[in-house]
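Novice: Let me give you the structure first, and then I'll get to my questions.
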Amino acid sequence: MSQKAALITGITGQDGAYLSKLLLEKGYRVFGLLARRSTDTLWRLRELGVAQEVELLDGDLTDLSSLVRAMETSRAVEVYNLGAQSFVGSSWSQPILTAQVTGVGAFNVLEAVRIVNPDAHFYQASTSEMFGLVQADRQDETTPFYPRSPYGVAKMMAHWATVNYRESFKLHASSGILFNHESPLRGIDFVTRKVTDAVARIKLGQSNELRLGNIDAKRDWGFAGDYVEAMWLMTQQPAGDDYVVATGTTTTVRDMCRIAFNHVGLTMEDHLVIDPKFFRPAEVDLLLGNPAKAKAKLGWVAKTTLEELITMMVDADLRRLRG
Ligand code: NDP
Ligand code: GDR
């Protein structure tokens, strides 16, 4: 049997790196869309030892022609749209860019699939940010959406485009409504990695404080390595569908932070400073997912606890800072 090809947008991001590794291990030929940047963006792929094995194609989510070429060159039978302006905080300062990359970008990928290979199985990286303003104690596939950031609004467009292309054109299109997932490869702006990096620096005497915004917010945090398996399982199903992917437990930013400080024998209260600069114009107060459908239909469950995740990230930051 010939080797299956997959195309990943956002291959240089956290999830792109873990998904590349997973698909390579499964024997896929892995292609990735590489956006033009003036700085090196391949560090995550190198970190997981897959930078030489993936095949990178120049392109941008805002450029349909580059996506059509990427589909033609890769002959992909599975397409994972992970590319996005994914930092919620920046979406208030760059709402139009976020809409174009994160919202219209998904339409562009769907169009490229429809034009080049409508039989390809498509995965959209949707998000618990779409639930936004709390309307249920636990969110599942039936919970109404109420996005609270330009990022959440852009992701709504991408999500409904996915549903619509499934219904209009019979594409095998799935939307994974993933709750927060983290790893040592997480971008430094996101709160878990900001915390683990700061804790490691304080432990090594390179810094003394950590400045955060709203530490009362609650998140359902899992490990990115577990979550990319759910993405792949969705594209293997007989038909496309929507799935919530979460751990089913929630924790405040405060308690997540305490785990990190405790792990290295430091007291959080000695170093944590609340800085109004990091509060958001509108907040998502509580995210707590119900992954029952993913368990029942995909056989997927989260394997990593928050304690294991945060200690793994602190240890990785300590190793990195020690050089
Ligand atoms: P990252 O921010 O780590 O990665 C984003 C990726 O998108 C990078 O590869 C980036 O490329 C690429 N990208 C940005 N702009 C463009 C563009 N104009 N054209 C092409 N590529 C572009 O995100 P994650 O890996 O954490 O998340 C993956 C996806 O899942 C995202 O869509 C995110 O919104 C979504 N998501 C993430 C969750 C999480 O908790 N991590 C939860 C739910 C959904 P470059 O490196 O060049 O900037
Ligand atoms: P989120 O993740 O917005 O949930 O989006 P982030 O880690 O940025 O924030 C989580 C919560 O922590 C609070 N917070 C802070 N956040 C940051 N980044 N920096 C701070 O200093 C700080 N202090 C408090 C935030 O207010 C928030 O409540 C992530 C992204 O990966 C999205 O792309 C993805 O869709 C969602 O997760 C699910």
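The values are calculated or read from the model by the stated rules, or taken from the named source; none is laboratory data. Because the structure is predicted, anything quoted here is derived from the model rather than measured. In this analysis, Cβ positions are derived from the backbone assuming ideal geometry, glycine residues included, and neighbour counts consider all displayed protein chains.
Novice: Within segment 123-158, how many residues turn out to be surrounded by 22 or more Cβ atoms within 10 Å (Cβ to Cβ) and either of a type in the set (Lys, Arg) or part of a helix (DSSP H, G or I) (or both)?
Specialist: 9
Novice: In segment 105-122, what count of residues is obtained for those that are of a type outside the set (S, T, N, Q) and assigned to a helix (DSSP H, G or I)? Full working, then the answer.
Specialist: First pass over segment 105-122, keeping only residues of a type outside the set (S, T, N, Q): 105-107, 109-116, 118-122.
Filter again for assigned to a helix (DSSP H, G or I), leaving 105-107, 109-116.
Of the residues in that region, 11 qualify.
Novice: Considering only segment 292-299, I want to know if a residue exists there that is assigned by TED's automatic domain parsing to the domain that holds VAL199, surrounded by 14 or more Cβ atoms within 10 Å (Cβ to Cβ) and hydrophobic (A, V, I, L, M, F, W, C).
Specialist: Kept after step one, since they are assigned by TED's automatic domain parsing to the domain that holds VAL199, are these residues of segment 292-299: none.
Within segment 292-299, none of the residues are assigned by TED's automatic domain parsing to the domain that holds VAL199, surrounded by 14 or more Cβ atoms within 10 Å (Cβ to Cβ) and hydrophobic (A, V, I, L, M, F, W, C).
Novice: Here is a list of conditions, (1) surrounded by 24 or more Cβ atoms within 10 Å (Cβ to Cβ); (2) under 16 Å from the mean Cα position of the chain (by Cα), and LEU110 meets all of them except one; can you say which number that is?
Specialist: With (1) surrounded by 24 or more Cβ atoms within 10 Å (Cβ to Cβ); (2) under 16 Å from the mean Cα position of the chain (by Cα) applied to LEU110, the lone miss is (2).
Novice: Filter segment 109-142 for residues that are among the small types (Gly, Ala, Ser) and within 11 Å of ligand 1 (Cβ to nearest atom) and give the result. Break it down stepwise before answering.
Specialist: Here is the first cut: in segment 109-142, the ones among the small types (Gly, Ala, Ser) are 112, 120, 125-126, 128, 132, 136.
Selection gives ALA125, SER126, SER128.
Novice: Does GLU55 satisfy being buried (at least 18 other Cβ atoms within 10 Å of the Cβ) and of a type in the set (Asp, Glu)?
Specialist: On the way: buried (at least 18 other Cβ atoms within 10 Å of the Cβ): no; of a type in the set (Asp, Glu): yes.
Here the answer is no, as GLU55 does not meet what is asked.
Novice: Would you point out which residue out of ARG211, ARG258 is free of Cβ contacts under 8 Å to residues at least 40 places away in the same chain and either surrounded by 17 or more Cβ atoms within 10 Å (Cβ to Cβ) or not in a loop (DSSP other than H, G, I, E, B) (or both)? Please lay out each step first, then the result.
Specialist: Values: ARG211 fails: free of Cβ contacts under 8 Å to residues at least 40 places away in the same chain.
Of ARG211, ARG258, the one residue that is free of Cβ contacts under 8 Å to residues at least 40 places away in the same chain and either surrounded by 17 or more Cβ atoms within 10 Å (Cβ to Cβ) or not in a loop (DSSP other than H, G, I, E, B) (or both) is ARG258.
Novice: Cβ contacts < 8 Å: first residue under 13 Å from GLY89 (Cα atoms) and without any contact (Cβ under 8 Å) to a residue 24 or more places away in the chain, restricted to segment 184-195; second residue near ligand 2 (Cβ under 8 Å from one of its atoms) and not acidic (Asp, Glu), any location; separation 6+ or different chain. Result?
Specialist: As it stands, the answer is ILE188/LYS194, since those pairs meet every condition given.
Novice: Let me ask you something else. May I ask you to list the residues in segment 1-57 that are away from ligand 2 (no atom under 16 Å from the Cβ), within 15 Å of the chain's Cα centre (by Cα) and of a type in the set (Lys, Arg)?
Specialist: none
Novice: Same structure again: Between a first residue in segment 49-72 that is among the aromatic types (Phe, Trp, Tyr) and modelled with pLDDT under 95 and a second residue that is buried (at least 19 other Cβ atoms within 10 Å of the Cβ) and part of a helix (DSSP H, G or I), which pairs have beta carbons less than 7 Å apart while being 6 or more apart in sequence or on different chains?
Specialist: none
Novice: Now, a different point. Among the residues of segment 245-262, are any under 19 Å from TRP300 (Cα atoms) and among the acidic types (Asp, Glu)? Give the derivation first.
Specialist: Initially, segment 245-262 is screened for residues under 19 Å from TRP300 (Cα atoms), giving 245-250.
Still in the list and also among the acidic types (Asp, Glu): none.
Scanning segment 245-262 turns up no residue that is under 19 Å from TRP300 (Cα atoms) and among the acidic types (Asp, Glu).
Novice: Of the conditions (1) assigned to a helix (DSSP H, G or I); (2) buried (at least 20 other Cβ atoms within 10 Å of the Cβ); (3) assigned by TED's automatic domain parsing to the domain that holds THR12; (4) more than 12 Å from ligand 1 (Cβ to nearest atom), SER174 clears all except one; give me its number.
Specialist: (1)
Novice: Any idea which residue in segment 60-87 is farthest from ligand 2 (Cβ to nearest atom), counting only those that are buried (at least 22 other Cβ atoms within 10 Å of the Cβ) and assigned to a loop (DSSP other than H, G, I, E, B)?
Specialist: Top of the filtered list is ALA76.
Novice: Now for a different question. Here are some residues: ILE202, ILE188. Which one is under 19 Å from GLY10 (Cβ atoms) and either touching a helix residue (DSSP H, G or I) at 6+ places or on another chain (Cβ under 9 Å) or in the same structural domain as TRP43 (by TED's automatic domain parsing) (or both)? Spell out how you get there, then give the answer.
Specialist: Working: ILE202 fails: under 19 Å from GLY10 (Cβ atoms).
Going through ILE202, ILE188 in turn, the sole match is ILE188.
Novice: Then there's this: Pairs, please: C-beta under 6 Å, at least 6 apart or cross-chain, first residue over 18 Å from PRO95 (Cβ atoms) and in segment 128-155, second within 13 Å of ligand 1 (Cβ to nearest atom) and in a loop (DSSP other than H, G, I, E, B)?
Specialist: SER128/PHE179; SER128/LEU287; GLN139/PHE131; THR143/PHE131
Novice: Another one. Residues that are at pLDDT 95 or above, away from ligand 1 (no atom under 12 Å from the Cβ) and in contact with an Asp or Glu (Cβ under 7 Å, 6 or more places away or on another chain): does segment 94-108 have at least one?
Specialist: no
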